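Below is one structure, written out as C-alpha cells; comments come after it.
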Amino acid sequence: MKILIIQLARLGDIYMSWPIARAMKRKYPEAEIHFLVRERFASALEGLECVHQVHKLNTPAVFEKLMDSIEDGVECLGTFLDALQAKKFDTVVNLSFSPVSSYFTYYLGQTAKETFGYTRFSDSSFALTDAISAYYFSQVGVEKHNRFHLIDIFASMIGIDLDSDDFAYPVGFTFSSPIKDSYITVQLGASTANKTLTPFIWARVIKNFLSAHMGYKVVLIGSKEEQDLVSEIYAFNSHTDIINLVGKTSISELFPIIKNAALHVGGDSLCVQITNLTKTPCLNLSFESVKFWETGPRTKGSYVLLNIQPSHVESTEIASAIKGLLSKKPLPQLIEAVQNMPAYDLKFNLINDFEWALVKAIYLNEPYPVTEDLVFFKGIEKLNQTNSLIIETLESALDNGVGRFVKILASCDEAFMGVRQISPKVSIYIDWCLAEKIKVAPLTEIEIVESYLKVHNELKLLMRPYLLEDNTQDEVKNHG
C-alpha cells in the first residue's frame with residue numbers, strides 16, 4: 001500500500017502533518033508513506049521516521065519556465081507529476097487545503113482507491129468530496145469561527161485516531177542542548193508582522209522578565225530574516241543575560257534547544273509547532289488576526305495570551321505571564337491547552353461565542369444558541385426570503401426547463417451572497433450552503449437543479465429555529 005500526503009504549505013504546516021503521517025503508519029504498518037512538499041521546506045521532514053520517500057516540488061524552477069513560456073512551464077510540471085503518478089498511490093491525502101493543491105490531488109489520485117482533501121471533478125471544477133473538506137472550506141480560517149485544531153481536522157478527515165506517540169521527537173536528532181544554563185526561548189519574528197510583537201515591545205518584555213532575577217537566561221531563536229530584530233533587544237538589555245541564536249541554527253539544531261527550554265514564548269510560528277513535538281510548554285502570543293484555535297500549541301502546560309492586536313499589548317502583562325508559568329501560577333486571563341476537542345479551555349467568554357455555538361448546532365446537531373441580536377434576526381429573515389425565492393426558481397426550472405432559468409439563478413445567488421452585508425453572523429449559513437453546492441458533482445442539468453434544491457431546502461430547515469413566529473429564547477435553545 002502506498003500513501004501520498006500532499007503538504008504544499010510552509011514549515012509549520014508540515015510539522016502539523018507529522019502526527020497524521022505517524023497515525024497512518026500505525027494504522028497501516030505495511031504502507032509506504034510518501035510526502036509531496038515544496039523543495040525549500042523539505043528539511044521539515046528530517047527525523048520523521050515513518051516517511052518512505054519525500055518528493056520535492058521545485059516551485060521556483062516551474063515558475064521560471066512559466067515566465068519564459070507557458071508551454072514549457074506546463075511541460076516541466078507535467079513531467080514531474082507524471083513521474084509521481086507512475087508510483088500508483090493507493091491513497092492520496094491533501095493536507096494543503098488550497099485551490100491550487102486540488103489539481104495535484106485530482107491528477108495524482110486518478111489511479112488511487114481513495115482521496116481526501118481538496119480535489120477536482122472530471123470537468124476540472126473545484127470539488128469537495130468529503131464532509132470534513134466541506135467544513136474546512138466553509139468554516140475554517142481567520143475570518144471564520146471554527147475552534148477545532150487543524151491537526152484534529154486532518155485526523156477527522158482521514159478517519160484516524162491520534163495518540164501521544166504521534167507527537168514524538170524526531171528520530172536521530174540529539175536531545176542535548178548546547179546551552180547549559182536554565183533558559184527560556186523567545187522567537188521575535190513570525191511569518192507576518194501581525195502575528196508577533198514589535199521589537200520595541202519585545203525589548204521591554206525581556207527587560208521586565210530579566211529584572212525579576214528568576215535564574216533564567218533568554219535565548220533568542222529564529223530565521224536569518226529576523227536578525228534585524230535583535231539590535232533593539234540589546235539596546236534595552238544586558239548582553240550577559242541574552243543568548244542570540246537568531247539565524248544561527250539549522251532546524252535539527254533548533255529542536256534540542258527548544259526541547260530543553262523551560263518555556264517557549266512567541267507568536268504563531270514554526271517554533272510553536274516544534275513545541276508540540278518536543279513536549280515543551282509554550283506561551284503563545286496570539287491576536288484577533290490569528291486563529292490560535294487552529295494552529296496554537298498543544299503540549300500540556302501550554303497557554304495562549306490573546307490580545308486584539310500587537311500594538312495593544314502591555315509588555316508588563318506578557319512578562320508577568322512568563323513569570324507566572326515558570327512559577328506554576330498561570331495568570332487567570334490565559335487560555336489553557338488541553339487534551340480535548342477543541343484543544344483549549346476557556347474560562348471566560350469571547351465575543352464570538354455565539355458564532356461558534358451556531359457552527360456546532362449546524363454541524364454537530366448541538367442546541368441552537370440563544371441570541372437577542374436583532375440585526376442577526378433581520379439577516380436571517382432576509383436570507384430566508386432570498387432562499388425561498390431560489391427554491392421557487394429551482395422548482396420552476398424542474399417544471400418548465402432549466403435553460404431559461406440560468407440567469408435568474410445567477411442573480412438569486414448574488415442576492416444570496418449579498419445578505420452577508422446585513423449581518424456577518426449569517427455567513428455561517430451562507431458558507432455552509434456554498435460548500436454543499438460545491439460538493440455536487442458534474443451531472444445533467446436536471447440532476448444539478450434537483451441537488452441544489454435539496455441543499456436549499458435543508459438550509460431552510462437549518463434556519464428554522466430563528467424563524468419561529470413569536471419564538472421564545474427557550475424554543476430556540478431547545479430546537480433540534
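The values are calculated or read from the model by the stated rules, or taken from the named source; none is laboratory data. Computed from a prediction, not measured in an experiment: that's the story for all the values here. Here Cβ is always computed from backbone atoms with ideal geometry, including for glycine, and neighbour counts include all displayed protein chains.
When residue 340 is evaluated against the numbered criteria (1) under 14 Å from residue 465 (Cα atoms); (2) of a type in the set (S, T, N, Q); (3) in the same structural domain as residue 273 (by TED's automatic domain parsing), which criterion, by number, is the only one it fails?
Failing condition for residue 340: (1).
Give segment 156-173 a look and list any residue that's of a type outside the set (Ser, Thr, Tyr) and surrounded by 15 or more Cβ atoms within 10 Å (Cβ to Cβ), or say none. Lay out the reasoning, then the answer.
Step one: filter segment 156-173 for residues of a type outside the set (Ser, Thr, Tyr), giving 157-163, 165-168, 170-173.
Answer for segment 156-173, where residues must be of a type outside the set (Ser, Thr, Tyr) and surrounded by 15 or more Cβ atoms within 10 Å (Cβ to Cβ): 157, 158, 160, 162, 166, 167, 168, 170, 173.
Is it the case, given these coordinates, that residue 357 is closer than 30 Å to residue 263 by Cα and either in contact with a Leu (Cβ under 6 Å, 6 or more places away or on another chain) or not assigned by TED's automatic domain parsing to the domain that holds residue 457 (or both)? Full working, then the answer.
Values: closer than 30 Å to residue 263 by Cα: no; either in contact with a Leu (Cβ under 6 Å, 6 or more places away or on another chain) or not assigned by TED's automatic domain parsing to the domain that holds residue 457 (or both): yes.
Considered against the rule, which asks whether it is closer than 30 Å to residue 263 by Cα and either in contact with a Leu (Cβ under 6 Å, 6 or more places away or on another chain) or not assigned by TED's automatic domain parsing to the domain that holds residue 457 (or both), residue 357 comes out as no.
If you check residue 113 against the conditions, is it among the basic types (Lys, Arg) and more than 27 Å from residue 350 (Cβ to Cβ)?
Values: among the basic types (Lys, Arg): yes; more than 27 Å from residue 350 (Cβ to Cβ): yes.
In short, yes.
For residues in segment 81-104 being among the hydrophobic types (A, V, I, L, M, F, W, C) and free of Cβ contacts under 8 Å to residues at least 24 places away in the same chain, which is surrounded by the fewest Cβ atoms within 10 Å (Cβ to Cβ)? Spell out how you get there, then give the answer.
Narrowing segment 81-104 to residues among the hydrophobic types (A, V, I, L, M, F, W, C): 81, 83-84, 86, 89, 92-93, 95, 97, 100, 104.
Going one step further and asking which of them are free of Cβ contacts under 8 Å to residues at least 24 places away in the same chain, we end up with 83, 86.
On the way: 83: 10, 86: 8.
Among them, the one singled out is 86.
Can you tell me how many residues in segment 88-135 are farther than 17 Å from residue 153 by Cα, among the hydroxyl-bearing types (Ser, Thr, Tyr) and part of a loop (DSSP other than H, G, I, E, B)?
Number of matching residues: 4.
Scan segment 191-203 for residues that are touching a Phe, Trp or Tyr at 6+ places or on another chain (Cβ under 7 Å) and modelled with pLDDT of 90 or more and report the count.
Matching residues across segment 191-203 total 1.
Being of a type in the set (Lys, Arg) and under 15 Å from residue 95 (Cβ atoms) is the filter here; which residues of segment 33-60 pass it? Please lay out each step first, then the result.
Going residue by residue through segment 33-60, those that are of a type in the set (Lys, Arg) are 38, 40, 56.
Scanning segment 33-60 gives a single hit, 38.
Given (1) among the hydroxyl-bearing types (Ser, Thr, Tyr); (2) out of contact with any Cys (no Cβ under 9 Å at 6 or more places or on another chain); (3) in a helix (DSSP H, G or I), identify the lone condition not met by residue 138.
(2)
Do we find a residue being surrounded by 13 or more Cβ atoms within 10 Å (Cβ to Cβ), of a type outside the set (S, T, N, Q), modelled with pLDDT under 95 and over 21 Å from the mean Cα position of the chain (by Cα) anywhere in segment 180-190? Reasoning before the result, please.
If we filter segment 180-190 for residues that are surrounded by 13 or more Cβ atoms within 10 Å (Cβ to Cβ), which is where we start, we get 182-190.
Next cut, of a type outside the set (S, T, N, Q) only: 183-184, 186, 188-190.
Right, trim to modelled with pLDDT under 95 and you get 188-190.
Then keep just the ones that are over 21 Å from the mean Cα position of the chain (by Cα); that gives 188.
Yes, segment 180-190 has at least one match.
Take the residues of segment 318-339 that are exposed (fewer than 15 other Cβ atoms within 10 Å of the Cβ) and over 27 Å from the mean Cα position of the chain (by Cα): which is nearest to residue 208 (Cα to Cα)?
327
For residue 416, work out the one condition from (1) surrounded by 14 or more Cβ atoms within 10 Å (Cβ to Cβ); (2) modelled with pLDDT of 85 or more; (3) part of a helix (DSSP H, G or I); (4) out of contact with any Gly (no Cβ under 7 Å at 6 or more places or on another chain) it doesn't fulfil.
(2)
What tally of residues in segment 181-212 results from selecting those that are of a type in the set (Ser, Thr, Tyr) and closer than 17 Å to residue 296 by Cβ?
Step one: filter segment 181-212 for residues of a type in the set (Ser, Thr, Tyr), giving 182-183, 185, 191-192, 196, 198, 211.
Subsequent filtering for residues that are closer than 17 Å to residue 296 by Cβ retains 185, 191-192, 196.
The qualifying residues number 4.
Among the residues of segment 310-327, is there at least one that is touching a Pro at 6+ places or on another chain (Cβ under 6 Å) and either within 15 Å of residue 293 (Cβ to Cβ) or part of a loop (DSSP other than H, G, I, E, B) (or both)?
In the first step, residues of segment 310-327 are kept if they are touching a Pro at 6+ places or on another chain (Cβ under 6 Å); the result is 324.
Pick out the ones that are also either within 15 Å of residue 293 (Cβ to Cβ) or part of a loop (DSSP other than H, G, I, E, B) (or both) and you get none.
So far as segment 310-327 goes, no, none of its residues is touching a Pro at 6+ places or on another chain (Cβ under 6 Å) and either within 15 Å of residue 293 (Cβ to Cβ) or part of a loop (DSSP other than H, G, I, E, B) (or both).
For segment 105-136, which positions are surrounded by 15 or more Cβ atoms within 10 Å (Cβ to Cβ) and among the polar types (S, T, N, Q)?
Listed by number, the residues that qualify are 105, 115, 119, 129, 133.
Among the residues that make up segment 340-349, is at least one of them on the phi > 0 side of the Ramachandran plot and assigned to a loop (DSSP other than H, G, I, E, B)? Step through it out loud before you land on a result.
Of the residues in segment 340-349, the ones on the phi > 0 side of the Ramachandran plot are none.
Checking segment 340-349: not a single residue is on the phi > 0 side of the Ramachandran plot and assigned to a loop (DSSP other than H, G, I, E, B).
Confirm whether residue 444 is within 25 Å of residue 130 (Cβ to Cβ), modelled with pLDDT under 95 and over 31 Å from the mean Cα position of the chain (by Cα). Even if it seems obvious, please write down each step before you answer.
Numbers: within 25 Å of residue 130 (Cβ to Cβ): yes; modelled with pLDDT under 95: yes; over 31 Å from the mean Cα position of the chain (by Cα): yes.
Judged against the criteria, residue 444 is a match.
Hey, which of the helices (runs of 4 or more DSSP H) in segment 191-304, taking only ones fully inside, have at least 3 residues that are touching a residue at least 40 places away in the same chain (Cβ under 8 Å)?
Values: elements: 199-210, 230-236, 251-259, 270-278, 292-295.
Those helices (runs of 4 or more DSSP H) span 199-210, 251-259, 270-278, 292-295.
Quick one: how many residues across segment 272-301 are of a type in the set (Phe, Trp, Tyr), touching a strand residue (DSSP E or B) at 6+ places or on another chain (Cβ under 6 Å) and within 18 Å of residue 340 (Cα to Cα)?
Going residue by residue through segment 272-301, those that are of a type in the set (Phe, Trp, Tyr) are 287, 292-293.
Filter again for touching a strand residue (DSSP E or B) at 6+ places or on another chain (Cβ under 6 Å), leaving 287, 292.
Filter again for within 18 Å of residue 340 (Cα to Cα), leaving 292.
Total meeting the criteria: 1.
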